[in-house]
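Some notes on the structure that comes next.
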Amino acid sequence: MRQRTHPQSHGPGTELATESPAQDEAESSSGKFSRGVPTRILSIASYFTLALGIGTMAAAAYLMVASYTPVPYWDEWGVLTPYLASNSRLPLQWIWAQTNEHRIVFYKLLLLLDLRFFKGREWPMFLAIFLSQLSLCGLLAWFLYKLGKLEGWAYRSAIGIALYCVFCPSQWENYIWGFQLSFVLVSLLFASALLALLALSQPTGLPRNKQRALLGISVLAAAAATISNANGVLAWPILIAASLMLRLRRAITAAYVLSGAALAGLYFHRYVAPHHHASPMVSLHQPLQIVEYVEKYFGSSFVPSTHLDWSLQLGAVGLTLVFGLSLWAVRHLDTNDRVFSIGLLSLMGYMFLTACVTALGRINFGTDQAFSPRYQSYALLFWFAFAVLLMKFLLTRHRLWTLAVLSVAIATLLAASVHWYGPILRIVRATASERGLAGMALLTGVHDDDMLKGTIWISPPMLWDDVTYLKPRGWSIFSTEEARQLNQPLTAIYEVVPSDQCSGFIDHVQSFKQTSGGLKLEGWAVHSKSKLPLSAIVMVNDGLISGYGAPGIQRPDVADTLHSYRALLSGWIGFVEPGAPGTATEVYGVIDSFGHHTVCKIGQAAPPGE
């Protein structure tokens with residue numbers, strides 16, 4: 001309790017007594033409180049939450065590195081094939097053409113740059129995804145500090161939550177697939193448009209030229225979002241609603257209305273609804289399924305993949321709390337936090353509208369389709385905005401102990417999710433291994449079409465047509481070190497060491513003589529002493545490198561036989577080009593030692609029947 005004394009008194013409470021109620025209110029709403037047990041708890045929890053947020057960002061970066069491969073994946077082939085068919089010209093029609101329900105102009109422009117300057121290696125997309133997420137965190141940090149006026153523990157906690165929600169590995173699809181650039185870029189662009197609008201509404205008078213600049217930035221960012229991903233179109237109704245709630249000049253609202261109408265008209269000009277998606281008008285006749293889809297969409301943010309059945313109930317409870325708090329915020333918009341509250345409500349509204357529209361178009365796949373990891377990019381931003389809104393609500397009502405409990409609960413929830421990272425990383429590595437194996441089939445020309453259909457694209461004949469274009473230009477998988485080493489003498493690249501340095505076996509040989517020729521080999525290989533899996537597999541015909549194997553396949557039988565858990569991932573699968581009749585393929589394992597590549601022979605195999 002504050003002691004009240006006369007300002008001229010020299011008693012112990014003199015300094016506190018001179019603080020005005022207005023100052024007390026401002027400090028409490030920003031996160032400043034007098035020292036005490038709750039404040040110490042809040043401070044400790046804030047540092048812990050911030051550390052978890054930074055760790056989450058590092059985990060996402062590692063996930064991207066672990067999953068990187070230059071092999072295009074699913075929809076990337078659907079985008080790449082029409083471009084190759086146009087003889088690699090710059091067709092504006094291709095840039096504007098739909099991909100499913102999206103217009104992904106920026107992804108296609110970056111794809112062109114990647115092909116022209118980086119041989120289609122895909123890494124510019126991965127880099128752009130990470131930088132987009134990092135930029136979004138930067139915008140949110142500015143929003144929290146400048147408009148939210150959060151300081152101290154409140155700012156640290158909010159930044160930690162933002163880092164966690166933006167980079168959370170639960171959206172792992174967005175980190176292993178360059179095509180998902182459009183998916184994350186649209187959030188950055190919408191946030192840019194919204195924050196420019198909020199800056200425009202600041203109570204301090206802005207010069208007209210600065211107002212016009214902010215309005216221009218907001219409109220351009222919203223326009224860019226529209227041509228980045230389908231839900232970018234939803235930016236316009238949210239921005240219009242925000243401008244009305246902020247009571248901006250009619251001319252500003254009119255600018256959003258006219259710009260939105262023009263961009264939406266351009267977007268839907270000659271738009272063709274994807275035939276494999278549900279009709280939104282038909283989906284409206286299934287309101288209960290839509291509600292269930294949305295509840296799973298947001299509820300799955302809090303549960304591991306092994307307990308997704310909990311998400312329906314969690315989503316229902318969470319959304320109920322959200323709507324209750326949102327109604328309170330709308331009723332108290334005349335407070336000092338008016339602009340900040342409208343910003344949080346707008347962010348939540350955009351993500352919620354995205355979920356609803358997604359449900360309208362995807363309900364035919366079943367409500368469990370809402371569990372797709374990529375959707376967490378939007379769901380987690382929704383929960384970030386809600387968490388900050390709740391924090392601000394408690395701050396303004398001076399609920400110190402409630403805030404302390406909330407901060408500890410959030411930190412505990414974030415910490416508990418760390419153990420989900422291991423399973424996610426295993427999924428990501430398995431997916432990357434499958435894509436790498438498919439790339440080896442394309443590289444060696446072995447037509448294992450069943451495997452290709454199940455891993456990288458539904459139409460293998462289209463893949464082989466693309467290979468005839470990519471290969472002579474050295475693009476994509478044909479720009480890799482493996483492609484350059486193909487058909488080179490083994491001894492010109494590797495040092496061959498005695499075979500007793502490694503152990504392994506070729507378990508299975510499959511011939512593709514009836515289609516393309518070549519072999520598919522399966523086996524296992526480890527270092528003899530350490531029992532660790534070898535880093536790569538190289539296959540040789542007549543002394544020339546003719547194929548590769550992808551290691552990392554689980555082989556519990558080998559681990560049991562060798563009595564070493566280290567050998568669990570010792571399995572490998574590979575492809576080798578057709579050899580001369582009667583020629584056996586030699587298989588070597590790569591041993592990395594102090595920067596030098598050495599290989600030891602595992603065995604050799606001939607086509608079945610020879």
Next item on the list: Would you please classify the overall shape of the stretch 488-610 from the alpha carbon gyration tensor, given that a ≥ b ≥ c denote the square roots of the eigenvalues, rounded means a/c under 1.5, and beyond that prolate means a/b larger than b/c while oblate covers the rest?
Entry: oblate
Margin query: Give me, ordered by chain and number, the residues 5 or more places off Gln604 or on other chains with an amide H under 5 Å from its own placed amide H.
Written below: Val587
Notebook entry, point to check: Once you mark the trypsin sites (Lys or Arg not before Pro) that are in a DSSP loop and have at most 15 other Cβ atoms within 10 Å, what is the longest gap between them in the chain?
Noted result: 90-246
Note to self: Spelling out what I want: for every residue of the stretch 559-565, take phi, set θ = phi - 60°, compute 6.51 cos²θ - 1.76 cosθ + 1.60 (Karplus), and round to whole Hz; glycine and proline get x.
What the structure shows: 4, 5, 5, 8, 6, 8, 5
Note to self: Can you list residues from other chains, or at least 5 along the same chain, whose modelled amide H is less than 5 Å from the amide H of Asp507?
What the structure shows: Glu522, Gly523, Trp524
Notebook entry, point to check: Considering only the other residues whose Cβ falls under 13 Å of the Cβ of Met391, what net charge follows from Lys and Arg at +1 and Asp and Glu at -1?
Noted result: +3
Notebook entry, point to check: What number comes out for the charge environment of Met462, summing +1 per Lys or Arg and -1 per Asp or Glu over other residues with Cβ under 14 Å away?
Noted result: -4
Checklist line | Orphan Cys of the chain, criterion: no other Cys C-beta under 4.7 Å | finding: Cys137, Cys165, Cys168, Cys356
Notebook entry, point to check: Using modelled backbone amide H atoms (1.01 Å from N, in-plane), which distant-in-sequence or interchain residues come within less than 5 Å of Ala550's amide H?
Noted result: Ile573, Gly574
Checklist line | Anchor Lys529: lysines whose Cα lies under 16 Å away (excluding residues fewer than 8 positions away in-chain) | finding: Lys601
Check: Considering the dipole of the chain built from charges on the beta carbon (Lys and Arg +1, Asp and Glu -1) around the Cα centre, which of Gly178, His597, Gly504 is farthest to its positive end?
Finding: Gly178
Next item on the list: Report the local net charge at Tyr375: Lys and Arg +1, Asp and Glu -1, summed over other residues whose C-beta lies under 11 Å from its C-beta.
Entry: +2
Margin query: If the reach is capped at under 27 angstrom between alpha carbons, list the lysines near Lys296, excluding any in the same chain fewer than eight residues apart.
Written below: Lys392
Next item on the list: Provide the percentage of antiparallel DSSP beta bridges, counting only those with both residues in the stretch 488-610; round to the nearest 5.
Entry: 95 percent
Check: Taking Cα pairs under 8 Å and at least six residues apart, what relative contact order does the chain come out at, in percent?
Finding: 14 percent
Item checked: Mean ellipticity per residue at 222 nm, deg cm²/dmol - from DSSP H runs of n ≥ 4 across the chain, formula -39500 (n - 2.57) -> -18000 deg cm²/dmol
Checklist line | Cα shape, the stretch 239-283, gyration tensor, a/c 1.5 rule | finding: oblate
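Bear in mind that the values in this text are calculations on the coordinates, not laboratory data. What you see is a predicted model, and the numbers here were worked out from it, not measured in a lab. Please note: Cβ atoms are built from the backbone with ideal geometry, for glycine as well, and neighbour counts cover all protein chains shown.
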